[in-house]
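K.L.:
Please read through the structure below; I'll follow up with questions.
The values are calculated or read from the model by the stated rules, or taken from the named source; none is laboratory data. Not measured: the values here are computed from a predicted model. Ideal geometry is used to build each Cβ from the backbone, glycine not excepted, and the neighbour counts take in all protein chains shown. These area figures cover heavy atoms from the full protein model, side chains too; ligands, DNA and RNA do not enter into them. Shrake-Rupley method; radii C 1.70, N 1.55, O 1.52, S 1.80 Å.
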Amino acid sequence: MAKRKKSKAPPRTASPHRPAYGMETFLVHGRHHTKKWDYAHHLVPPISSSAAYRLGSAERGALGFHSFAHDGLEPSKASPIYIYDRLDEPVRGMLEESLAEAEQGDFCATFATGMAAVSGGLGVLLQVGDEIVCHRTLYGCSYSLFKNWYPRLGIQVTTADLTKPGALAKALSPKTRAVYFESPANPTMELIDIGAVRAACEKAARKGHPRPQIVIDNTFATPYCQRPLTLGADMVVHSLTKNLGGFGTDMGGAVITRKELSSLLLLYRKDFGGVLAPKSAWPIFVYGLPTLPLRMRQQQESARRVADFLERHPRVRRVAYPGLPSFPQYELARQQMTDYAGAFAPGSMLYFTVKGDPNHILNYIARNAYAVTLAVSLGQTRTLIESPTQMTHATLSAEDQGGCGLEGEGLRLSIGLESVNDILSDLERALAHA
Ligand SMILES: Cc1ncc(COP(=O)(O)O)c(C=O)c1O
């Protein structure tokens, strides 16, 4: 998008929970003390596994129900009264505290999957008669949610190319309550200028309409590479199944936002029921978050090498990786995608198009490769490759795929932790079969 306007979102850097320590240290330790659970004698918090909790007295039970998702109560000051797993649960609660901190937001609610988080986050913002504007390129199931389900709920969806200056302003209407996008977008890696989206939404609000809420799916970047709430977004959603979990063992989702939305999100999750299982929250909290910076640094370094290699390869038509100087939005990437130390952090995801039949490459990989695996999902220790038009984005019609910039020859690559030379050798051999 054109000229960057300064976002009015308050800058958030320090936090009372990690006064003198960096974010990477915080992600390893979390809070040593939390109101969520007294686990002071464990270095690693125990896995909790209890659907219901002993209430002690009728009065305590009544107070627990009364205080759940109560707007006037400050959760960091009072120990929660645990009642039933679907309402609140200690391991999940600790993961939420750390995720809110990692994204520099006030509050986090986790969900069973990334899609439960997308529908939950938007579920508290939208109602019948509202409109949502979304970027034309989205993960296939988010696209399907908007295309197939929202019209049934009486919510009108307008798609626009939010990379184009002025496109959002044209798409906004007095009924627009939310603007939704991924940046980088799955799978094309297009970036959306978050500050410019905020400026357009504020301009719309100055005309007397309520300001549309800016919701971004930050799964591709992870909070290690980009913190959208500090750039002007109102709500961040994640698939924890990906780099935040990091090992490809558990599914999960998260919504991180302002304190004002916390009660609604908790009530929504209680009633719609898509809670994150504590047994899935535990590995994400104990293994995923502490190793996020380490994994992202390694994967990103390999991604840069792979992007360079692909860009020079005669069988490759085009490579989209925000860390390549040839990336059309390279300058925006440098401004928006930074790690906790402020260094450029273009992430571990790539999209490239090949000359020839991409299935020759994929089938060669499926049968012969060791370091690169033909599989969907992304953001884990293993390098994964897939064909969006045939797999993750197959729910889109051919026309819709074309409309959002997807090409049949396009392949999505998620870089893992293998030796980069092995990843390159597998790709080299596979490309020879294109
Ligand atoms: C960008 C993005 N958002 C959301 C999701 C949905 O996450 P989950 O599979 O955990 O529901 C995915 C899944 O691939 C994704 O890539």
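K.L.:
Helix-only mean residue ellipticity at 222 nm, the chain, DSSP H runs n ≥ 4 weighted -39,500 (n - 2.57), per residue, nearest 500. What is it?
P.N.:
Taken over the chain, the calculation gives -9500 deg cm²/dmol.
K.L.:
Still on this structure, I have one more. In terms of Cα to Cα distance under 17 Å, which aspartates and glutamates are near enough to residue 203, apart from those fewer than 8 places away along the same chain?
P.N.:
Cα-Cα hits under 17 Å: 193, 234.
K.L.:
On to the next question. Could you pull out the longest piece of the chain with no exposed loop trypsin sites (Lys or Arg not before Pro) in it, calling a site exposed if DSSP puts it outside H, G, I, E, B and it has at most 11 other Cβ atoms within 10 Å?
P.N.:
So the longest stretch without any such site is 208-434.
K.L.:
Taking a 28 Å limit on the Cα-Cα distance, which of the listed pairs 164/270; 175/242; 147/242 fall beyond it? Walk me through the numbers before you get to the answer.
P.N.:
Working: 164/270 39 Å; 175/242 33 Å; 147/242 24 Å.
Check vs 28 Å cut-off fails for 164/270; 175/242.
K.L.:
With every protein chain left in place and a probe of 1.4 Å, what is the accessible surface of residue 422, to the nearest 10 Å²?
P.N.:
Using a 1.4 Å probe on the heavy atoms, I get roughly 80 Å².
K.L.:
Another question, then. Please give every one of the aspartates and glutamates within straight-line cross-link reach of residue 207, meaning a C-alpha to C-alpha distance under 18 Å, and leave out same-chain neighbours fewer than 8 residues apart.
P.N.:
The qualifying aspartates and glutamates are 130, 131.
K.L.:
If the reach is capped at under 20 angstrom between alpha carbons, list the aspartates and glutamates near residue 355, excluding any in the same chain fewer than eight residues apart.
P.N.:
Within the straight-line limit of under 20 Å, residue 355 reaches these aspartates and glutamates: 308, 311, 386, 407, 409, 426, 428.
K.L.:
How much accessible area per residue does the range 23-287 have, counting only protein heavy atoms and a probe of 1.4 Å, in square angstrom? Walk me through the numbers on the way to the answer.
P.N.:
Working: 10600 Å² over 265 residues.
Computed with neighbouring chains in place, this is 40 Å² per residue.
K.L.:
Let me ask another. Given the C-alpha centroids of the range 116-166 and the range 376-408, what is the distance between them in whole angstrom?
P.N.:
19
K.L.:
Then there's this: Leaving out ligands, DNA and RNA, and with a 1.4 Å probe, what % of the accessible surface on the chain is carbon or sulfur?
P.N.:
Within the chain, the accessible surface is 54 percent carbon and sulfur.
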